[in-house]
1. Can you find, within the stretch 95-109, the residue that is nearest to Gly79 (Cα to Cα) among those that are in contact with a helix residue (DSSP H, G or I) (Cβ under 6 Å, 6 or more places away or on another chain) and surrounded by fewer than 21 Cβ atoms within 10 Å (Cβ to Cβ)?
2. Counting just the residues of the stretch 109-131 that are touching a His at 6+ places or on another chain (Cβ under 8 Å) and β-branched (Val, Ile, Thr), which one comes out farthest from Ala210 (Cα to Cα)?
3. Could you say which residue among Ile148, Ile205 is part of a helix (DSSP H, G or I), among the aliphatic types (A, V, I, L, M) and in contact (Cβ under 8 Å) with a residue 12 or more places away in the chain?
4. Looking at Thr141, is it hydroxyl-bearing (Ser, Thr, Tyr) and over 16 Å from the mean Cα position of the chain (by Cα)?
5. Enumerate the helices (runs of 4 or more DSSP H) found wholly within the stretch 31-111, keeping only those where 2 or more residues are under 17 Å from the mean Cα position of the chain (by Cα).
Amino acid sequence: MIALNERTWQGHITWLLTGTVLGFVIAAVFAGGLRLPRPIYLIPYVVLAVAFLYRYVRWSKVDLIQCLRHRWGWGIVAGILAGLFAVQSVMRQPQSPTPQGATLVIDLFWLGVVYGTVDGLLLSVLPVFAVWEALTKQGWTGRWPGRIGSGLLALLASMVVIAVYHLGYPEFRGPQVLFPVFGVGVMSLVYIITGSPISALISHIAMHIAAVLYGLQTAIQLPPHY
C-alpha cells in the first residue's frame, strides 16, 4: 500500500486516483442520487473538492505562488484563446433566459467564477500536475522526447478524470460524455503546452460565465440539469 506521506511518484498517482473517485462520487451522490438544485449541489462539491486539493498541496509541498508565476504571460494569452473556443461551444447550444439583477451577480460569482475555478483545478490542473510530477521523479521530463510523452500521458490522465467525473451526472451517462471530455481536454492541453495553470483557470471560468449569460438552463457546461 502506498503511504501518502511519502512524496514518491506512486504517491502523486495515488492522490490523482483518489481525486478521480472523489469527483465521481460527489456528482453521483449529490446530483445523480439526491438531485440537489445546482446552486445547492455546488456547496458539497466546492467544500469537498477544495478540501481535497488543499490536502494535496500540503502533501506535495508545491509553491503555489511560483506555480502561478511560471510563464504567467503565456498562460493568460493561452487561457484567453482557449476561453474563446469554449465560449463559442456554449453559444452553439440553445439559448435560455439570462438571470437579472442580484441573481445575475450571484450566479456569475457562484456558478461562473467559483464553479469554473474548482472545475479547472480538479479536472485540468490536478491530473496534469500530478502526472508530470510523477514522471519527473521517474526521470522522464529531462529531455524533449520524454517531455512530449509525459505531456501526452498527462493529457490522457486529465481526459480520464473529466470522463469519470461527468459520468457521475445522469445526463452524461452515454455518448454525451465525449463532449466535455474533448471540450475540457482543450483547457488541459493549453496548460500542458504553456506550463501555466492560469491558462486552464481562465478558460474554465470564461466558459462558465458564458454559460450563465447565454444558457443557464441549457448549456451542458453547467451540470447538473434535471
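Rule-based calculations on the coordinates, nothing more; no lab input. Please read all numbers here as calculations on a predicted model, not as lab measurements. Positions of Cβ are generated from backbone atoms using ideal geometry, with glycine treated the same way; all protein chains shown enter the neighbour counts.
1. Ranking the candidates gives Leu108 first.
2. So the residue we want is Val131.
3. Unique residue meeting the criteria: Ile205.
4. It is true that Thr141 is hydroxyl-bearing (Ser, Thr, Tyr) and over 16 Å from the mean Cα position of the chain (by Cα).
5. 38-60, 64-69, 72-91
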